[in-house]
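Data block below; observations after.
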Ligand code: C5P
């Protein structure tokens with residue numbers, strides 16, 4: 001019979017199942033069986049609307065972010081005096097939003113009771129390989145695979161010997177043999193047992209097999225007057241090690257770097273209700289901000305009017321016009337890296353109307369245009385606060401590479417990301433981009449052109465950030481020189 005992997009269900013369904021099983025004091029698997037049984041008998045409970053118990057409100061969506069565990073562990077508790085610490089371990093894992101399903105060996109039941117373990121884990125405890133309730137659909141296989149990690153604590157000398165030799169004569173050893181998940185052992189035994197040649201051989205074999213160990217620590221034993229290596233690691237140490245395996249730290253290569261980005265169009269007012277604008281969506285600049293933030297940078301995004309959500313963890317300054325954009329950029333300096341992705345209007349109206357311009361018989365009002373400040377060129381040419389890496393964009397409709405190269409020289413930036421924005425490409429406002437990265441070698445001023453294949457704007461952002469990571473030095477600018485405010489809430 002096919003087995004159902006609860007972990008792979010939609011978040012909403014999982015949340016519903018968890019709430020319902022908690023309400024009915026059943027394990028999630030049991031709840032699924034009950035629901036299926038009810039469906040087959042034609043007396044199913046409606047799946048929607050779901051009348052959650054009052055404390056379960058608000059709706060599942062809000063639960064997803066905070067309450068629902070993101071990882072799960074099968075915890076095998078072996079038979080040793082250290083088993084009492086495993087009760088604390090369950091609590092520590094759950095504190096870290098790790099779902100715990102426990103398996104007790106027969107010997108473990110001499111030290112802790114299934115009742116206390118199930119009360120702490122809020123799940124049914126598994127003890128028997130031949131339990132008809134669990135095994136009708138090969139429950140030991142589910143315990144072995146429907147988790148992200150298996151932790152054995154305490155891992156006794158006997159349990160490790162069985163593992164090293166591939167035994168499967170009880171539920172714990174069968175799970176350990178049937179799993180394809182990582183296994184973390186927390187050995188606990190008398191120092192003489194730990195140092196025994198047989199245990200040494202078994203530990204060496206298990207390590208060759210890829211099994212991970214935490215501890216044992218050295219200290220006093222439960223046996224009066226004995227001390228040495230063999231004490232099980234503390235629950236908090238095991239929980240921390242498990243969490244590291246489940247959620248490996250994300251690399252943050254731009255940590256400590258401050259990245260300033262402009263994005264979107266600018267709106268240049270004609271009068272209080274009209275403005276000059278362009279078709280920029282801001283998507284590329286926003287994607288770069290998100291990618292730089294994900295790489296660990298402190299990101300300040302100065303954005304013209306766009307229809308996009310502020311990227312999480314990024315300080316966003318919303319502006320309208322080119323002059324406001326320049327002002328915000330200047331006050332955000334110093335920065336380690338500045339990326340000018342905004343489609344800044346080249347001109348603004350010099351004779352901006354204070355009141356709404358009226359249609360008159362005298363004909364159209366003459367609009368006088370004046371040049372806007374070039375933000376990229378201004379920042380590239382700064383004497384003191386010039387960011388060590390300044391990147392501009394060149395949106396061209398013809399002679400892309402040549403125009404971009406001369407822009408690099410004219411504006412004084414280090415790199416130009418050139419893209420063809422002729423209407424046929426669909427780049428303006430679209431989700432994909434084809435770019436060429438034109439960079440100037442700082443040492444010999446040699447220009448390199450690197451053409452990338454067509455990508456989504458998110459992929460372009462990730463690729464650009466990867467190039468930045470490769471190129472940035474390990475020196476940071478002095479951030480005390482300029483204060484900046486926290487992200488708007
Ligand atoms: O001259 P052009 O508008 O083609 O230059 C494009 C590059 O210069 C982009 O990086 C854009 O953000 C920047 N730019 C600017 N201020 C302007 C005009 C363009 O920062 N006034």
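Annotation note: Cβ proximity below 9 Å between a residue of the stretch 379-394 that is over 15 Å from residue 344 (Cβ atoms) and a residue that is assigned to a strand (DSSP E or B) and more than 14 Å from the ligand (Cβ to nearest atom) (sequence gap 6+ or interchain) occurs for 387/258; 387/259. Exactly one residue out of 265, 187, 253, 269 is touching a helix residue (DSSP H, G or I) at 6+ places or on another chain (Cβ under 6 Å) and either away from the ligand (no atom under 16 Å from the Cβ) or in contact (Cβ under 8 Å) with a residue 24 or more places away in the chain (or both), and it is 253.
Residue-by-condition table, conditions (1) modelled with pLDDT under 95; (2) within 14 Å of the ligand (Cβ to nearest atom); (3) in contact with a strand residue (DSSP E or B) (Cβ under 7 Å, 6 or more places away or on another chain):
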residue: 309; (1), (2), (3): no, no, no
residue: 326; (1), (2), (3): no, yes, no
residue: 374; (1), (2), (3): no, yes, no
residue: 389; (1), (2), (3): no, yes, yes
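Return yes when residue 381 is more than 20 Å from residue 292 (Cβ to Cβ) and modelled with pLDDT of 95 or more and no when it is not. The answer is yes for residue 381. Within the stretch 422-439, is even one residue outside any loop (DSSP other than H, G, I, E, B), within 11 Å of the ligand (Cβ to nearest atom) and crowded, with 17+ Cβ neighbours inside 10 Å? Scanning the stretch 422-439, I find no residue that is outside any loop (DSSP other than H, G, I, E, B), within 11 Å of the ligand (Cβ to nearest atom) and crowded, with 17+ Cβ neighbours inside 10 Å, so the answer is no.
Scanning the stretch 443-456 for residues that are in contact with a helix residue (DSSP H, G or I) (Cβ under 9 Å, 6 or more places away or on another chain) and farther than 15 Å from residue 418 by Cβ returns a single hit, 456. In the stretch 388-408, the qualifying residues are those that are closer than 20 Å to residue 443 by Cα and touching a helix residue (DSSP H, G or I) at 6+ places or on another chain (Cβ under 7 Å), and the one that is surrounded by the fewest Cβ atoms within 10 Å (Cβ to Cβ) is 389. Reported count of residues in the stretch 226-249, each being touching a residue at least 24 places away in the same chain (Cβ under 8 Å), loosely packed, with under 15 Cβ neighbours inside 10 Å and assigned to a loop (DSSP other than H, G, I, E, B), is 2.
In this structure, residue 370 qualifies as more than 10 Å from the ligand (Cβ to nearest atom), out of contact with any helix residue (DSSP H, G or I) (no Cβ under 7 Å at 6 or more places or on another chain) and without any contact (Cβ under 8 Å) to a residue 40 or more places away in the chain.
The sole residue among 363, 313 that is on the phi > 0 side of the Ramachandran plot, more than 16 Å from the ligand (Cβ to nearest atom) and within 24 Å of the chain's Cα centre (by Cα) is 313.
The values are calculated or read from the model by the stated rules, or taken from the named source; none is laboratory data. Since this is a predicted model, take the numbers as computed values, not measurements. Cβ atoms come from the backbone with ideal geometry, glycine included; neighbour counts cover every protein chain shown.
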